[in-house]
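**Q** Take this structure, written in structure tokens, and hold onto it; I'll ask about it next.
The values are calculated or read from the model by the stated rules, or taken from the named source; none is laboratory data. This structure is a prediction, so every number in the text was calculated from the model and none was measured. Virtual Cβ from ideal backbone geometry, glycine too; neighbours counted across all protein chains shown.
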Amino acid sequence: PLKEYFFDAKNISRRNWCIIRAINDGYKQSEIASFLNISAVLVSKIIKNHRQKIKLFDRLQQKGVFWSYSKTFIFKEACESLLCEYALKYGDFEDLKTLFSLYGKTRVKNIWEEKLVEDQRFQKFNLFLARVFLGMDLESSYFKRNKSARFEKFRLLAS
């Protein structure tokens, strides 16, 4: 019964994963929508969004972006922040557009700030992302001022 799928769906993200799992196990969108008291259109959008994430993951995998992972590495094994991080670092313009449409500006910006801003290897790319995708009016000096926690640890060890 559907109740078993949703007993631990405490937030929207978890609920969406439970919906995907139920669909994969053969439940109909209308059954799930009725059980959760949401519209079938919402269930359909959740499924469509999930399929687009898988397509993005597969495209990045074909490009060799996940080179440090097993060749059998699949979307289900990856966390979504990993997909966002690798799409930001190594995706092309179309991948970036897809990423922002799937995850939204706020979530992508949070991952960008956490994973890429402090990485000096991506300084020019960070400037591009900030200006083009995030609408920030920054100069490259903004990224030069940011010192990573890793840099600070090395500096303290060296002194």
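**Q** List pairs: first in region 53-73 and without any contact (Cβ under 8 Å) to a residue 60 or more places away in the chain, second among the charged types (D, E, K, R), Cβ under 7 Å, 6+ apart or cross-chain?
**A** If the second residue must be among the charged types (D, E, K, R), the pairs left are 56/95; 59/95; 60/95.
One line per residue, one yes/no per condition, for (1) over 16 Å from residue 102 (Cβ atoms); (2) aromatic (Phe, Trp, Tyr); (3) assigned to a loop (DSSP other than H, G, I, E, B):
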site	(1), (2), (3)
14	yes, no, no
26	yes, no, yes
44	no, no, no
47	no, no, no
50	no, no, no
54	no, no, no
70	yes, no, yes
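**Q** For the list (1) surrounded by 14 or more Cβ atoms within 10 Å (Cβ to Cβ); (2) in contact with an Asp or Glu (Cβ under 8 Å, 6 or more places away or on another chain), I need the number of the one condition that residue 38 fails.
**A** If we test residue 38 against (1) surrounded by 14 or more Cβ atoms within 10 Å (Cβ to Cβ); (2) in contact with an Asp or Glu (Cβ under 8 Å, 6 or more places away or on another chain), just (2) comes out false.
**Q** Which condition number in (1) more than 17 Å from the chain's Cα centre (by Cα); (2) at pLDDT 95 or above is the one that residue 47 fails?
**A** Going through (1) more than 17 Å from the chain's Cα centre (by Cα); (2) at pLDDT 95 or above one by one, residue 47 breaks only (1).
**Q** Criterion first (modelled with pLDDT under 85 and either exposed (fewer than 15 other Cβ atoms within 10 Å of the Cβ) or over 26 Å from residue 47 (Cα atoms) (or both)) does residue 145 satisfy it?
**A** yes
**Q** While we're here: Out of region 115-133, which residues are assigned to a helix (DSSP H, G or I), charged (D, E, K, R) and closer than 16 Å to residue 90 by Cα?
**A** 115, 121, 124
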